Amino acid sequence: MNILMKSPKILKFDLPFCYYLSTKIADNIKNLVEGQKVVVFMKGVPEQPRCGFSNAVVQIMRMHGVKYEAHDVLQDEDLRQGIKEYSNWPTIPQVFINGEFVGGCDILLQMHQSGDLIEELKKAGINSALLDDKKEMAEEKK
Amino acid sequence: MLKLLNTNQIKSRSFLKFKSVTRILASMSTTSGLIEQSIRDKLVKILSPSHIEIINESYMHNVPKNSETHFKVLVVSNKFKDITLIKRHRLVNDILKEELQNGVHALSIMAKTPEQWESSNKVIESSPNCRGGFGK
């Protein structure tokens with residue numbers, strides 16, 4: 001980095017190259033995001049989250065019985081920065097449903113509490129396990 | 001032996017120096033809470049909230065004492081009316097863009113309209129523990 005700062009010539013050549021790299025990263029992220037119905041970018045892996053906010057999202061997904069693809073941003077610095085730029089969202093975790101950015105931990109938690117998450121999953125053709133539980137409870141009451 | 005002593009002395013001296021510098025830095029941040037203040041100022045200026053709370057949750061994380069890295073903000077504002085949750089969050093993130101790019105690592109947001117805040121239980125839930133402590 002120091003060499004780059006000291007030598008403007010190298011920097012000149014470097015800018016288009018950086019641009020090329022960042023568009024390439026954006027393309028890769030687009031593929032990741034659209035690869036599955038539900039995609040989560042998190043710190044750590046679902047079996048062992050390395051951050052409380054990421055863990056909260058994992059627990060919410062578990063409660064709803066949602067299958068998702070998880071990407072550990074701690075394993076890939078390009079992905080960690082790239083995903084923030086892609087969704088214009090400054091923090092991790094990030095949840096995508098049907099290729100669209102839905103929110104981070106706060107929003108997912110609130111959607112879970114309000115029931116909106118069940119609706120959002122339904123739109124993507126996913127049946128929340130909590131919905132099944134509710135049905136069972138209603139039938140038992142009958 | 002003498003040489004050894006000398007290098008040890010030098011080591012401990014530079015260690016002391018380092019320690020005192022960090023101590024000064026840390027005490028500076030306790031007295032002012034510079035980032036906390038700038039978060040408050042910006043949110044108040046742009047969202048003119050009827051209620052605002054800024055909670056420094058950094059102590060819950062593996063960072064030096066008195067850090068300003070992890071925050072939770074509660075903003076109750078009329079300006080959130082008819083705006084979706086995600087747009088409210090984007091608005092707050094945008095207002096605090098500078099802070100988020102310069103050291104603020106986590107920002108938990110509660111963005112409510114005065115009506116929503118009044119009809120809620122008015123509890124600000126603490127954020128989940130740092131490493132997999134959720135539900136403990």
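Points to keep in mind about this one:
- Antiparallel bridges, percent of DSSP beta bridges restricted to the stretch B:33-119 (to nearest 5): 45 percent
- Sorting A:Tyr86, A:Tyr68, A:Tyr20 by accessible area puts them as A:Tyr20, A:Tyr86, A:Tyr68; the probe is 1.4 Å, largest comes first, and only protein heavy atoms count.
- In this structure, the amide hydrogen of B:Glu57, modeled 1.01 Å from its nitrogen in the peptide plane, lies closer than 5 angstrom to those of B:His70, B:Phe71, B:Lys72, counting only residues at least 5 positions away or on a different chain.
- Residues whose placed amide H lies under 5 Å from that of A:His71, excluding near-sequence neighbours: A:Val40, A:Phe41, A:Met42
- Sparse-neighbourhood loop sites, trypsin sites (Lys or Arg not before Pro) in the stretch B:34-114 - DSSP loop, at most 16 other Cβ within 10 angstrom: B:Lys65, B:Lys81
- About its Cα centre, the dipole of the stretch A:2-141 is roughly 560 debye, where the only charges are +1 on Lys and Arg Cβ and -1 on Asp and Glu Cβ.
- Taking amide H as placed 1.01 Å from N in the peptide plane, the amide H of B:His51 sits under 5 Å from that of B:Val76, each at least 5 places away or on another chain.
- In order along the stretch A:77-93, phi translates into HN-Hα couplings of 5, 4, 5, 4, 6, x, 5, 5, 6, 4, 9, 6, 9, x, 10, 10, x Hz, rounded to whole numbers, per the Karplus curve 6.51 cos²θ - 1.76 cosθ + 1.60 with θ = phi - 60° and x for Gly and Pro.
The values are calculated or read from the model by the stated rules, or taken from the named source; none is laboratory data. Bear in mind that the values here come from a model prediction, so they are computed numbers and not experimental data. Using ideal geometry, Cβ is built from the backbone for each residue, glycine included, and neighbour counts are taken over all protein chains shown. Note: accessible area is taken over every heavy atom of the protein model, side chains too, but ligands, DNA and RNA are not part of it. Shrake-Rupley method; radii C 1.70, N 1.55, O 1.52, S 1.80 Å.
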